[in-house]
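**Q** Dropping the structure in here first, questions after.
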Amino acid sequence: MAADAPDANEPLQGFDDLLRPFHAAETPRMGWRIGTEAEKFGVGGDGRAAPFEGERGVRAVLERLVERHGWHEQREWEGGEVIALHRGRANITLEPGAQLELSGAPLDTIHQTCAEFRGHMAELRSVSEDLGLHWLGLGFHPLATQDELPWVPKLRYAVMREYLPTRGGHALDMMRRTCTVQANLDYADVEDAFRKLRVALRLQPIVTAMFANSPWVEGRATGERTHRARVWLDVDPNRQGLLRALWEGPARYERYVEWALDVPMFLVKRGGEIHRNTHQTFRQFMDEGLGELRATRGDWETHLNTLFPEARLKKTLEVRGVDSQRTAMICALPALWKGLLYDEATSAKAEALAGRVDGDALEAARPEIAKSALRAELQGRPVLAWAREVLELAESGLERLGNLNGSGDDERVHLAPLRALLERGLCPADVLLEQVPGDEPALEGILEHAHV
């Protein structure tokens with residue numbers, strides 16, 4: 001993965017500066033690594049959402065990770081609240097409703113990724129147990145209402161809290177009641193970046209079905225397999241979705257930049273001060289400024305972080321459209337995308353498979369995928385049939401890449417839980433509903449079967 005960019009305070013001089021983050025991120029194939037980000041909900045033994053503040057809150061968890069496990073605090077500005085931890089190239093960050101996210105280091109193999117996450121969870125449990133906190137790997141909070149969740153004191157969340165509900169009916173649910181797992185992949189050049197972006201966008205709803213894992217809302221079974229996917233259909237049409245306009249045509253970073261320029265901003269941040277700026281697109285801010293403020297490299301990179309398509313270009317390609325999971329299935333998600341996109345022969349086959357997906361049919365299928373996951377239909381075929389093709393390609397890619405662990409297993413071992421599910425025609429939510437049946441599932445069953 002590429003090195004960090006130069007000074008964020010550098011003023012933007014022109015359009016070429018907007019392309020620099022993408023060119024700077026280009027990484028030769030031999031240097032490709034993969035990063036994984038995984039979020040989880042904290043709940044008490046009584047099922048109440050973990051608060052942010054207090055002796056048994058998420059802030060206390062962060063403090064203990066610093067004291068006992070060598071993590072280092074990050075503040076949004078000098079004297080501000082701790083909003084993240086870092087150790088090496090890994091980070092622990094806060095989501096709006098006090099969900100915790102491990103943003104893992106870029107690593108060579110999925111074996112390393114899985115070891116990293118298991119180590120993280122061992123540390124997290126060691127500081128959480130006597131606080132009475134449990135951590136759930138689900139795509140949507142199974143118990144809490146909006147009123148029962150805290151707000152994390154992060155600057156941009158205050159603006160998002162006010163602005164996004166004017167854009168979509170499920171915006172606050174997205175912010176505070178969803179959790180995801182995403183894979184971050186390197187790209188060699190613009191052709192490679194767009195190839196991966198297009199494959200990821202076309203196949204993402206199928207992968208969403210494979211990992212569907214949010215069947216409960218406010219303590220009741222909804223009949224859906226991934227309520228998180230339902231939420232993401234109604235957040236902000238300007239900044240979400242499948243980026244259909246980029247599916248065809250030339251591979252040029254300029255095309256992604258042109259789309260991003262015309263998305264309204266959230267804010268401009270200078271130290272600990274925020275300037276709300278939802279009335280300007282980034283193009284307008286760059287052309288006109290905001291009062292005396294002028295656009296910088298840091299403003300541009302912040303803006304890119306506020307775009308939420310199912311796959312997005314930044315310093316890596318982020319594939320970000322699935323529910324959070326238990327540990328074994330967390331490892332399966334980066335394994336799947338690595339197998340599809342890092343082996344040259346498999347990547348070509350994945351591109352061909354993705355090319356068979358019709359955009360209109362895929363858009364039309366997304367609500368049914370949220371409801372029925374693998375039992376939904378896409379272009380007259382069960383999504384399960386598409387999913388099995390995707391899995392077989394990923395397995396072939398990982399076999400060719402041949403990265404072995406100490407036991408001599410290649411990275412396909414991390415897809416074994418996913419294969420076991422697909423052989424039964426099931427997604428993770430189907431298994432949860434078997435394990436914890438009923439319209440109003442037992443709290444003890446949720447804590448037992450949905451923990452990370």
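**Q** Hey, any hits in the range 230-238 for a residue that's part of a helix (DSSP H, G or I) and either surrounded by 21 or more Cβ atoms within 10 Å (Cβ to Cβ) or at negative phi (or both)?
**A** Checking the range 230-238: at least one residue is part of a helix (DSSP H, G or I) and either surrounded by 21 or more Cβ atoms within 10 Å (Cβ to Cβ) or at negative phi (or both).
**Q** Residues being buried (at least 22 other Cβ atoms within 10 Å of the Cβ) and either among the aromatic types (Phe, Trp, Tyr) or more than 18 Å from ALA84 (Cβ to Cβ) (or both): count how many of those fall in the range 36-51.
**A** Count: 3.
**Q** Do the conditions hold for MET265, that is, is it more than 22 Å from GLY321 (Cβ to Cβ), touching a residue at least 12 places away in the same chain (Cβ under 8 Å) and crowded, with 20+ Cβ neighbours inside 10 Å?
**A** Answer is yes for this residue.
**Q** Among the residues of the range 341-398, count how many are among the acidic types (Asp, Glu), closer than 28 Å to ARG29 by Cβ and surrounded by fewer than 19 Cβ atoms within 10 Å (Cβ to Cβ). So that I can check it myself, show each step before the final result.
**A** Within the range 341-398, the subset among the acidic types (Asp, Glu) is 343-344, 351, 358, 360, 363, 368, 377, 389, 392, 395.
Of the ones still in play, those that are also closer than 28 Å to ARG29 by Cβ are 343-344, 351, 389, 392, 395.
Subset that is surrounded by fewer than 19 Cβ atoms within 10 Å (Cβ to Cβ): 344, 351, 389, 392.
Residues in the range 341-398 being among the acidic types (Asp, Glu), closer than 28 Å to ARG29 by Cβ and surrounded by fewer than 19 Cβ atoms within 10 Å (Cβ to Cβ): 4 in total.
**Q** Which members of the range 82-102 meet the condition of being small (Gly, Ala, Ser) and either more than 25 Å from ARG48 (Cα to Cα) or in a loop (DSSP other than H, G, I, E, B) (or both)?
**A** Across the range 82-102, the qualifying residues are GLY88, ALA90, GLY97, ALA98.
**Q** Where residues in the range 111-161 are among the acidic types (Asp, Glu) and without any contact (Cβ under 8 Å) to a residue 12 or more places away in the chain, which of them is farthest from VAL61 (Cα to Cα)?
**A** Residue satisfying both the conditions and the ranking: ASP147.
**Q** I've got another one for you. Keeping to the range 324-352, report how many residues are outside any helix (DSSP H, G or I) and in contact (Cβ under 8 Å) with a residue 60 or more places away in the chain.
**A** Going through the range 324-352 one residue at a time, the tally reaches 4.
**Q** Name the single residue that is surrounded by the most Cβ atoms within 10 Å (Cβ to Cβ) among those in the range 103-147 being of a type in the set (D, E, K, R), closer than 17 Å to THR327 by Cβ and under 21 Å from the mean Cα position of the chain (by Cα).
**A** Here the residue is GLU116.
**Q** Also, I was wondering about something else. Among the residues of the range 94-119, which ones are touching a Gly at 6+ places or on another chain (Cβ under 8 Å), over 28 Å from ASP147 (Cβ atoms) and not aliphatic (A, V, I, L, M)?
**A** Hits for the range 94-119 are SER103, GLY104, PRO106, THR113, GLU116, PHE117.
**Q** Working carefully through the options GLY397, GLY321, GLY380, find the one that is more than 19 Å from the chain's Cα centre (by Cα) and touching a residue at least 24 places away in the same chain (Cβ under 8 Å).
**A** So the residue among GLY397, GLY321, GLY380 that is more than 19 Å from the chain's Cα centre (by Cα) and touching a residue at least 24 places away in the same chain (Cβ under 8 Å) is GLY397.
Laboratory data are not the source of any read-out in this text; all were calculated from the coordinates shown. Bear in mind that the values here come from a model prediction, so they are computed numbers and not experimental data. Positions of Cβ are generated from backbone atoms using ideal geometry, with glycine treated the same way; all protein chains shown enter the neighbour counts.
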